[in-house]
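J.: Provided herewith is a single structure, encoded as structure tokens, for subsequent inquiry.
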Amino acid sequence: MPFLCYTKSEIIDILYPFLKGAIMKNNEGFKPFIPADQNPNELNATSIIMGAILAIVFGAANAYLGLRVGLTISASIPAAVISMGVIRFILKRNSVLENNMAQTIGSAGESLAAGAIFTLPALFIWFNEWDMGTPSILSIFIISIIGGVLGILFMIPLRNALIVQEHGVLPYPEGTACAEVLLAGESGGAKASTVFKGLGIAAVYKFIADGLKLFPSEVHYEISNNTMRGTGVGMDVLPALLGVGYITGPRISSYMFTGGILGWFVLMPLIAFFGGDAVLFPGTDPISSMDSWGIWGSYIRYIGAGAVAAGGIISLIKSLPMIFSSFRDAIKAYGSGAGSANTLRTEKDLPLPFVGIGIVAMVILIWLIPQVPVSLLSAALIVLFGFFFATVSSRMVGLIGSSNNPVSGMAIATLLFSTILLKWSGQVGREGMMAAIGIGSIICIIAAIAGDTSQDLKTGYIVGATPYRQQIGELIGVFASAIVIGFVLWLLNESWGYGSPELPAPQAILMKLVVEGVMNGNLPWLLVLAGVAIAVLAEILRIPVLPFAVGLYLPFHLSSGIMVGGLVRLYVDKKKHKSEEEKTEATTTGILFTSGLIAGEGLIGILLAVFAIIPFANGTLADVINLQTGAGINLGNLGGLIFFALLTAYLVFVVNKKYEKRP
């Protein structure tokens with residue numbers, strides 16, 4: 001998964017220990033849940049429609065979440081429980097392969113969206129700065145399709161090597177955990193209702209906060225005394241942040257919170273104290289006249305960007321030995337098994353001629369589209385580079401899980417390398433910068449989709465799915481998400497704009513700064529290098545750099561909201577339980593509920609973005625439902641804190657209620 005997908009690691013910790021005994025030490029004698037000689041319903045209208053809906057829903061929700069808070073979630077397990085609840089318990093269809101196909105299609109859409117928001121919003125920001133309107137939705141669709149299709153095609157010849165031959169060696173923890181959820185059909189209805197409950201509560205909460213504006217979703221108190229002048233304290237009181245904090249857990253949440261403390265309560269007061277009335281680049285006003293948001297936007301954001309970029313590169317460098325060995329082993333294993341005849345249903349992939357034709361078609365498409373102005377040879381090199389990262393991503397998520405896959409470092413390295421080459425070849429200015437983002441977007445989506453496809457194929461291998469049908473399902477999920485992702489990005493940009501408080505788009509802005517810094521040399525390098533030094537210091541102290549750096553980069557209000565969710569998770573983890581199984585059930589219930597919180601907020605966020613551009617009377621539909629401006633009703637910061645406290649208390653109630661139900 002793309003940049004900062006820490007959410008899956010906690011799922012691994014919860015579910016994977018219970019699966020280790022079921023994993024074979026090697027693939028000899030392994031028998032899937034559905035035998036190869038059976039051919040139940042799998043790729044049909046029900047699974048396709050359900051999967052496409054999940055792809056669009058989770059893709060849009062993940063896009064909003066990533067652009068809002070800089071984090072994305074895995075959709076595999078929530079999609080599995082929702083599809084199970086609908087297909088098995090509402091439609092009364094009893095086929096685990098149908099459920100698996102629906103979650104396969106759904107998770108592919110989510111992964112494409114997560115890869116797209118990493119880079120593509122930078123184009124919207126540039127188009128706005130250059131008074132060029134907005135990027136073409138067709139262009140976004142084409143870039144998304146190229147990256148998504150290549151990510152799937154690259155995994156097809158590697159499936160036998162990575163999934164089959166190394167079964168038990170490469171556990172693919174998320175894929176294995178998802179298989180366990182699918183096989184636990186008797187509890188699927190309760191699990192699905194837990195997700196839907198979280199989704200509904202978050203939807204109502206989000207609509208009241210950011211639709212009706214009954215209370216502010218961001219609580220902020222400016223600190224104006226001389227002792228701590230230049231800073232402030234606050235919290236974004238949103239369901240998604242509570243969910244992200246719970247899923248990532250107290251450890252990651254605390255690292256982000258610590259980064260926020262460094263930025264807002266150490267660096268910002270020091271800048272205000274020493275800056276005085278000076279006007280320091282890149283700021284344009286005297287520091288003494290700036291409030292906390294002004295200091296953060298003018299200085300801390302660049303320090304944080306340097307720290308995040310350094311963190312991504314450090315994680316990539318640390319992974320280089322595994323990257324090269326993974327690539328070598330995958331190619332070697334593929335070569336040794338390529339000649340075997342696949343006759344069983346569970347061994348049939350899409351034919352290699354189809355794969356080859358698809359890859360050649362994507363090379364030609366890259367060469368032809370104006371968004372990536374490169375030669376045919378350069379297009380082939382981009383695809384070759386993408387194959388390398390797809391192979392690396394697929395094997396690494398099998399070894400260490402998606403949460404530790406250094407996709408952010410891969411993307412930054414790709415952008416640096418491609419921008420330098422473009423500048424060297426004379427493609428500079430606007431054309432060169434857009435070309436660099438186009439190349440980076442393709443590579444990022446390839447890596448995201450390849451990792452997701454490998455996890456889905458692992459799930460399918462365990463439950464007895466048909467590989468070529470799953471691969472077709474992945475393509476359907478990519479197309480479904482690619483069709484809407486351009487509209488979602490356009491809608492969010494039209495409603496609030498990227499880089500605004502409503503949509504900080506931290507990853508895309510970081511990539512934009514990287515490209516501009518190389519191409520134009522106009523970055524405040526002192527601040528960026530200070531962030532690099534902070535990241536190196538964190539690495540020396542053995543502090544996980546990326547979550548710490550992102551806490552420094554994002555507003556403190558996001559980290560504090562996430563920290564609340566982390567504290568709830570800490571409470572659940574430390575609470576005494578009758579058995580380890582009971583603890584796992586409680587924690588998993590919380591994960592499913594908070595996954596619903598995240599999805600519900602994302603969906604209402606998209607709905608409110610639609611309201612913000614629909615004209616009505618003398619304003620928009622969003623103005624009509626705004627109680628603050630229409631009726632003068634607003635509960636203020638205290639109201640926001642009370643609502644968030646009630647939501648937090650209900651989360652605690654949900655996980656504790658499960659204890660009471662157990663005998």
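J.: Suppose we take every Cα in the range 190-257 and form the convex hull; what volume per residue is that in Å³?
T.: 96
J.: Over the heavy atoms of Val204, what accessible area does a 1.4 Å probe trace out, to the nearest 10 Å²?
T.: The accessible area of Val204 comes to roughly 90 Å².
J.: In whole angstrom, note down how far apart the Cα centers of the range 191-207 and the range 437-486 are.
T.: Their Cα centres are 27 Å away from one another.
J.: On to the next question. Assign one of three labels to the range 89-168, namely rounded, prolate or oblate, based on the Cα gyration tensor with a ≥ b ≥ c the square roots of its eigenvalues; rounded applies when a/c is under 1.5, prolate when it is not and a/b is larger than b/c, and oblate otherwise.
T.: Cα axes put the range 89-168 in the oblate bin.
J.: What does the charge add up to near Gly234, with Lys and Arg as +1, Asp and Glu as -1, over the other residues with Cβ less than 13 Å from its Cβ?
T.: Details: positive: none; negative: Glu218, Glu222, Asp236, Asp291.
Summing Lys/Arg as +1 and Asp/Glu as -1 gives -4.
J.: What number comes out for accessible area per residue over the range 534-623 if the probe is 1.4 Å? Units Å², please.
T.: 39
J.: In the range 520-636, if every C-alpha pair distance is counted and binned at 10 Å from zero, what percent goes to each bin?
T.: Calculated over all Cα pairs of the range 520-636, the distribution is 10, 20, 25, 25, 17, 4, 0 percent.
J.: Here's something else I'd like to know. Under the rule a/c < 1.5 gives rounded, and otherwise a/b versus b/c splits prolate from oblate, where does the chain land using the Cα gyration tensor?
T.: oblate
J.: Further question on the same structure: Based on the alpha carbon coordinates of the range 505-563, what radius of gyration and maximum Cα-Cα distance (Dmax) apply, in Å?
T.: For the range 505-563, the Cα-based Rg and Dmax read 12.9, 38 Å.
J.: Could you rank Val484, Val428, Val397 by how accessible they are, 1.4 Å probe, largest area first?
T.: Highest to lowest solvent-accessible surface, that is Val428, Val484, Val397.
J.: If you put +1 on each Lys and Arg Cβ and -1 on each Asp and Glu Cβ, how big is the dipole of the chain around its Cα centre, in Debye rounded to 20? Could you put the intermediate results ahead of the total?
T.: Values: 38 positive and 39 negative charges, 275 e Å.
Once rounded to the nearest 20, the dipole reads 1320 debye.
J.: Output the peptides 636-646, 149-159 sorted from most to least packed, where packing is the average of other Cβ atoms within 10 Å over each peptide's residues.
T.: Result, highest mean first: 149-159, 636-646.
J.: Follow-up question, since we're still on this one. Could you tell me the distance between the Cα centroids of the range 216-232 and the range 108-147, to the nearest Å?
T.: Computed from Cα coordinates, the inter-centre distance equals 35 Å.
J.: Structure shown: which of Lys197/Lys657; Lys583/Lys657; Lys197/Lys458; Lys458/Lys575 lie over 23 Å apart, alpha-carbon to alpha-carbon?
T.: Result: Lys197/Lys458; Lys458/Lys575 exceed 23 Å.
J.: Skipping prolines and chain starts, which residues have an amide H placed within reach, meaning under 5 Å, of the one on Gly464, given they are 5 or more residues away or on another chain?
T.: Result for Gly464 returns Phe33, Ile34.
J.: For the chain, what is the calculated [θ] at 222 nm in deg cm²/dmol (nearest 500), taking -39500 (n - 2.57) for each run of four or more DSSP H residues and dividing by its residue count?
T.: -23000 deg cm²/dmol
J.: Among residues other than Val610 whose Cβ falls under 14 Å from its Cβ, what is the net charge (Lys/Arg +1, Asp/Glu -1)?
T.: Counting the neighbours of Val610, the net charge comes to -2.
J.: Classify the range 409-507 from the C-alpha gyration tensor, please: rounded if a/c falls under 1.5, else prolate or oblate depending on whether a/b exceeds b/c.
T.: oblate
J.: Skip the ligands, DNA and RNA, and give the accessible area per residue of the range 437-481 with a 1.4 Å probe, whole Å².
T.: So the range 437-481 comes to 11 Å² accessible per residue, rounded to a whole number.
J.: Now a separate question. In whole percent, and with a 1.4 Å probe on the protein chains, what portion of the accessible area of the chain is carbon and sulfur?
T.: 66
J.: Skipping prolines and chain starts, which residues have an amide H placed within reach, meaning under 5 Å, of the one on Thr231, given they are 5 or more residues away or on another chain?
T.: For Thr231, the qualifying residues are Ile223.
The values are calculated or read from the model by the stated rules, or taken from the named source; none is laboratory data. All of these numbers come straight from a predicted model, not from anything done at the bench. Ideal geometry is used to build each Cβ from the backbone, glycine not excepted, and the neighbour counts take in all protein chains shown. For the accessible areas, the whole protein counts, side chains as well, though only heavy atoms, and no ligand, DNA or RNA atoms are used. Shrake-Rupley method; radii C 1.70, N 1.55, O 1.52, S 1.80 Å.
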